[in-house]
Amino acid sequence: MASGSSSSEMASHIVGYPRMGPKRELKFALESFWDGKSSADDLKKVSADLRSSIWKQMSDAGIKYIPSNTFAYYDQVLDTTAMLGAVPPRYGWTGGEIEFDVYFSMARGNATVPAMEMTKWFDTNYHYIVPELGPDVKFSYASHKAVNEYKEAKALGVDTVPVLVGPVSYLLLSKPAKGVEKSFNLLSLLPKILAIYKEVVTELKAAGASCIQFDEPLLVMDLDSHKLQAFTDAYAELESTLSGLNVIVETYFADVTPEAYKTLISLKGVTGFGFDLIRGTQSLELIKGGFPSDKYLFAGVVDGRNIWANDLAASLALLQSLQGLVGKDKLVVSASCSLLHTAVDLVNETKLDDEIKSWLAFAAQKVVEVNALAKALSGQKDEAFFSANAAAQASRKSSPRVNNEAVQKAAAGLKGSDHRRATNVSARLDAQQKKLNLPILPTTTIGSFPQTVELRRVRREYKAKKISEEEYVKAIKEEINKVVKLQEELDIDVLVHGEPERNDMVEYFGEQLSGFAFTVNGWVQSYGSRCVKPPIIYGDVSRPNPMTVFWSSAAQSMTSRPMKGMLTGPVTILNWSFVRNDQPRHETCYQIALAIKDEVEDLEKAGINVIQIDEAALREGLPLRKSEHGFYLKWAVHSFRITNVGVQDTCQIHTHMCYSNFNDIIHSIIDMDADVITIENSRSDEKLLSVFREGVKYGAGIGPGFYDIHSPRIPPTEEIADRIRKMLAVLESNVLWVNPDCGLKTRRYGEVQPGLVEHGCCSPSTPPRA
Ligand code: GLN
Ligand code: ZN
């Protein structure tokens, strides 16, 4: 090949890569370590092996800019907190390099101290550990992980791009520490943390790094000029330290506003800018309007948030037009964001048929797509690869498995109308109370009970057809019976069946709906070692048969107390699935809502008078930019109402949401028109109670979580009682429900039982038990 061809070779870049491993190797290593079953060295070994295989894979694929430090034992924001030595004093860290004990205590809590707060990472289902900062934090360079990983890769022969959470995004993702005024200006800490960033960059340079990536995803949010100025200041301050390096500032999850764009492309010391060109169209328009001639454009054209094969022909056309704008040697092909948010490797999917597989690309395949696009741009197009891709795109468009006319018609008929129950919530609660006769401060749980090894075995063996349906039903009924008896002993008022038949609250429904496909290893990290395996919605959705009626009826027959039917709502099914990208999300959501509506009505007919429709993920689907909130909330809330518009007043509809951060969407939550709302609260402070009060004004029952199920820590009785008292002080007692803040699935019986007894102890309706 002529020597000129290598200089015109287009470069490829990967923003970040999943950490868990193709078969969740990291999860198992972490959990085994936490359980004391393996050593720190074992965990480190598994992790190092994962990193090295990822680097090797990208390097074999031909990626030019390969990331390092995108691995994390728990979370990349927590890694940054460790790097900066910003450990809250309660974890007893006394200095030196931060090791597992302190790191995992911050992440998960320990016997005496609860975990740090965890919250959603933008609009993904990933959760990060929220830094707690105040004016007195003594920052110090306390974790050399970024440098260590860079060196580790280098020793393996791979020159990587160390990735750091950018300083401004880090601060804007933080919260003021306890005791620090809420009005504390987190950005005032910028000079202090930049001093540490400089140390890190200097050390990376010394280790041989030639390129560094700063992730500044905050740049896609609505930012005031003060915040934008912080970006300008930060990089100006870093400029001299960064000199001699290629520096990428990466944005993702949405396009950028014109103001943010202007700030971004003017940053000092930065040589390349990364854009998500999948979400929103504005970034592209802005780039077309002018891009600095001496800078690199990292064009995120391969969707990092989804599992669909890229439409390579369309991407190539886009890239070619960008090439014309920014110049041949200044365009770098990239993914829209870190591949952390997609599944790992399609190679391990043994159960998907070839047709569906041809429509898909997971992280490993996306790496190949990115590189294939880069090569095609430089004139080395892999024709076979491109034509196979074009054939797959065409087959997906025309497949009868994708198109169901009846469903399309029914969903189209919903648009523009407003489905709502006929009576208001107070009248309905009266009608329900006559039927249910509940005590004040009624107790309930959110649905799932712990899933024992034995239970998982039963489900697995049934799925593998190793045990008969009869044996399976018997085993599950026994489990339900156990859970029912336990709740009766604890004197809980509204019972649940414990969801033993469910592996996952979305997958369980998706498996019974048409239009869904399932992977065996398509896991995506949710938080820490926890992963979810989102179903793939590839076609029009319908419900061929009832999904939960059999189990709920069986459970109801075991008790005279009300048994809650337990469903996952349409918005949550949507938001926790990989959604088709060939029609608007709301159209898919309406289709799911109609399917759940059928189920709600069948449950009511079967004598289930309390039905919980979980919308755990409604908020996380909220678009990042305010201008788009209204439209999303309108169709999301409408979808929820569609599910239960057909029941009688006496049927009590609960909804549960896995968050408490709803100040901005309280009116939409009210507009869902549920009878009882349970929400996650136990990890946040009580200040939001005033917002609650706003919310309950309209009369629904409300159940703020009193027990943090995400942490193994069992709160002492007095702590829960105190919380209840505080709530009662601001809320009307007749609307307050007492419940944990989420399902108990992730906990063990040894933890759950005492936790629930504590609940019982505090509620006047449930006298303490010996
Ligand atoms: N009903 C579900 C459960 O208890 C709700 C879980 C959730 O909100 N994440 O597991
Ligand atoms: Zn929840």
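Go through the stretch 36-81 residue by residue and tally those that are surrounded by 17 or more Cβ atoms within 10 Å (Cβ to Cβ), farther than 21 Å from residue 200 by Cβ and touching a residue at least 60 places away in the same chain (Cβ under 8 Å).
To start, the set of residues in the stretch 36-81 that are surrounded by 17 or more Cβ atoms within 10 Å (Cβ to Cβ) comprises 38, 43, 46-47, 50-51, 54-55, 57-59, 61, 63-81.
Checking the rest, the ones that are also farther than 21 Å from residue 200 by Cβ come to 38, 43, 46, 50, 54, 57-59, 61, 63-64.
In the following step, the residues that additionally are touching a residue at least 60 places away in the same chain (Cβ under 8 Å) were identified as 57-59, 61, 63-64.
Residues in the stretch 36-81 being surrounded by 17 or more Cβ atoms within 10 Å (Cβ to Cβ), farther than 21 Å from residue 200 by Cβ and touching a residue at least 60 places away in the same chain (Cβ under 8 Å): 6 in total.
How many residues are part of a strand (DSSP E or B) and either aromatic (Phe, Trp, Tyr) or under 18 Å from residue 740 (Cβ atoms) (or both) when one looks only at the stretch 645-679? Full working, then the answer.
From the stretch 645-679, those part of a strand (DSSP E or B) are 652-657, 676-679; that's our starting set.
Checking the rest, the ones that are also either aromatic (Phe, Trp, Tyr) or under 18 Å from residue 740 (Cβ atoms) (or both) come to 654-657, 676-679.
Number of matching residues: 8.
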Problem set entry | Considering residues of the stretch 425-477 that are of a type in the set (Ser, Thr, Tyr) and within 16 Å of ligand 2 (Cβ to nearest atom) only, the residue nearest to residue 500 (Cα to Cα) | 448
Seminar exercise, completed: Of 227, 205, 262, 268, the only residue that is without any contact (Cβ under 8 Å) to a residue 12 or more places away in the chain, out of contact with any His (no Cβ under 7 Å at 6 or more places or on another chain) and not in a strand (DSSP E or B) is 262
For this session: With the checklist (1) touching a Ser or Thr at 6+ places or on another chain (Cβ under 8 Å); (2) away from ligand 1 (no atom under 14 Å from the Cβ) in hand, flag the one item residue 646 doesn't pass.
Result: (1)
Seminar exercise, completed: Inside the stretch 474-508, the number of residues satisfying the requirement of being closer than 30 Å to residue 539 by Cα and touching a helix residue (DSSP H, G or I) at 6+ places or on another chain (Cβ under 6 Å) is 4
For this session: Among the residues of the stretch 89-103, write down those that are under 16 Å from residue 131 (Cβ atoms), not in a loop (DSSP other than H, G, I, E, B) and not charged (D, E, K, R).
Result: 89, 91, 102, 103
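Across the stretch 721-746, which residue is nearest to ligand 2 (Cβ to nearest atom) among those that are part of a loop (DSSP other than H, G, I, E, B) and modelled with pLDDT under 80? Give the steps one after another, and end with the answer.
Of the stretch 721-746, the ones part of a loop (DSSP other than H, G, I, E, B) are 731-732, 737, 740-746.
If we keep only those that are modelled with pLDDT under 80 as well, we get 731-732, 746.
Details: 731: 20, 732: 24, 746: 10 Å.
Step by step, filter the stretch 721-746, then rank; the result is 746.
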For this session: Test residue 694 against the criterion of being more than 16 Å from ligand 1 (Cβ to nearest atom), modelled with pLDDT of 80 or more, more than 23 Å from residue 131 (Cβ to Cβ) and surrounded by fewer than 23 Cβ atoms within 10 Å (Cβ to Cβ), and give yes or no.
Result: no
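On the given criteria, is residue 581 buried (at least 21 other Cβ atoms within 10 Å of the Cβ) and either touching a residue at least 12 places away in the same chain (Cβ under 8 Å) or farther than 26 Å from residue 404 by Cβ (or both)?
no
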Seminar exercise, completed: Taking the stretch 456-502 and keeping residues crowded, with 17+ Cβ neighbours inside 10 Å, part of a loop (DSSP other than H, G, I, E, B) and free of Cβ contacts under 8 Å to residues at least 24 places away in the same chain leaves 467
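Any idea which of 593, 554 is more than 16 Å from ligand 1 (Cβ to nearest atom), of a type in the set (Gly, Ala, Ser) and touching a Pro at 6+ places or on another chain (Cβ under 9 Å)?
Numbers: 554 fails: touching a Pro at 6+ places or on another chain (Cβ under 9 Å).
Matching residue, one of 593, 554: 593.
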Seminar exercise, completed: Of those in the stretch 567-590 that are of a type outside the set (A, V, I, L, M, F, W, C), at pLDDT 95 or above and within 12 Å of ligand 1 (Cβ to nearest atom), the residue nearest to residue 496 (Cα to Cα) is 568
For this session: Considering each residue of the stretch 528-556, count those that are modelled with pLDDT under 95 and more than 30 Å from residue 408 (Cβ to Cβ), and give that number.
Result: 2
For this session: Give the stretch 601-628 a look and list any residue that's in a helix (DSSP H, G or I), modelled with pLDDT of 95 or more and not charged (D, E, K, R), or say none.
Result: 603
For this session: Scan the stretch 82-118 for residues that are surrounded by fewer than 17 Cβ atoms within 10 Å (Cβ to Cβ) and under 17 Å from the mean Cα position of the chain (by Cα) and report the count.
Result: 1
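Considering only the stretch 145-185, state which residues are hydroxyl-bearing (Ser, Thr, Tyr) and more than 18 Å from residue 53 (Cβ to Cβ). Reasoning before the result, please.
First pass over the stretch 145-185, keeping only residues hydroxyl-bearing (Ser, Thr, Tyr): 150, 160, 169-170, 174, 183.
The answer is 169, 170, 174, 183.
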For this session: Kindly provide the set of residues from the stretch 537-557 that are polar (S, T, N, Q) and either in contact (Cβ under 8 Å) with a residue 24 or more places away in the chain or touching a strand residue (DSSP E or B) at 6+ places or on another chain (Cβ under 7 Å) (or both), ordered by number.
Result: 542, 545, 548, 552, 553, 556
Exercise. Residue 245 is checked against (1) touching a Cys at 6+ places or on another chain (Cβ under 7 Å); (2) without any contact (Cβ under 8 Å) to a residue 40 or more places away in the chain and fails just one. What number does that condition carry?
Worked result: (2)
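Tell me which residues, restricted to the stretch 525-575, are among the hydrophobic types (A, V, I, L, M, F, W, C), more than 17 Å from residue 480 (Cβ to Cβ) and either outside any helix (DSSP H, G or I) or in contact with a Lys or Arg (Cβ under 7 Å, 6 or more places away or on another chain) (or both).
Step one: list which residues in the stretch 525-575 are among the hydrophobic types (A, V, I, L, M, F, W, C), which gives 531-532, 536-537, 541, 547, 549-551, 554-555, 558, 563, 566-567, 571, 573-574.
Imposing the further condition that a residue be more than 17 Å from residue 480 (Cβ to Cβ) reduces the set to 531-532, 536-537, 541, 571, 573-574.
Those that are among the hydrophobic types (A, V, I, L, M, F, W, C), more than 17 Å from residue 480 (Cβ to Cβ) and either outside any helix (DSSP H, G or I) or in contact with a Lys or Arg (Cβ under 7 Å, 6 or more places away or on another chain) (or both): 531, 532, 536, 537, 541, 574.
Check the stretch 381-397 and report whether any residue there is surrounded by 24 or more Cβ atoms within 10 Å (Cβ to Cβ) and either in contact with an Asp or Glu (Cβ under 6 Å, 6 or more places away or on another chain) or basic (Lys, Arg) (or both). If you could, list the steps in order and put the result at the bottom.
Going residue by residue through the stretch 381-397, those that are surrounded by 24 or more Cβ atoms within 10 Å (Cβ to Cβ) are none.
No, the stretch 381-397 contains no residue that is surrounded by 24 or more Cβ atoms within 10 Å (Cβ to Cβ) and either in contact with an Asp or Glu (Cβ under 6 Å, 6 or more places away or on another chain) or basic (Lys, Arg) (or both).
If you check 417, 426, which single one turns out to be part of a helix (DSSP H, G or I) and polar (S, T, N, Q)? Walk me through how you get there before you give the answer.
Values: 417 fails: part of a helix (DSSP H, G or I).
After applying the criteria, what remains is 426.
Condition check ((1) β-branched (Val, Ile, Thr); (2) in contact with a strand residue (DSSP E or B) (Cβ under 8 Å, 6 or more places away or on another chain); (3) closer than 15 Å to residue 264 by Cα) across all residues:
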site	(1), (2), (3)
139	no, no, no
175	no, yes, no
182	no, yes, no
193	yes, no, no
224	no, no, yes
235	no, yes, yes
238	no, no, yes
Exercise. What are the residues in the stretch 415-436 that are at pLDDT below 95 and either within 16 Å of ligand 1 (Cβ to nearest atom) or more than 30 Å from residue 636 (Cα to Cα) (or both), if any?
Worked result: none
For this session: Would you please name the residue that is farthest from residue 531 (Cα to Cα), looking only at residues in the stretch 484-520 that are within 12 Å of ligand 1 (Cβ to nearest atom) and among the hydrophobic types (A, V, I, L, M, F, W, C)?
Result: 496
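The values are calculated or read from the model by the stated rules, or taken from the named source; none is laboratory data. None of these values were measured; they are calculated from a predicted model. No Cβ is skipped: glycine too gets one built from the backbone with ideal geometry, and neighbour counts run over all protein chains shown.
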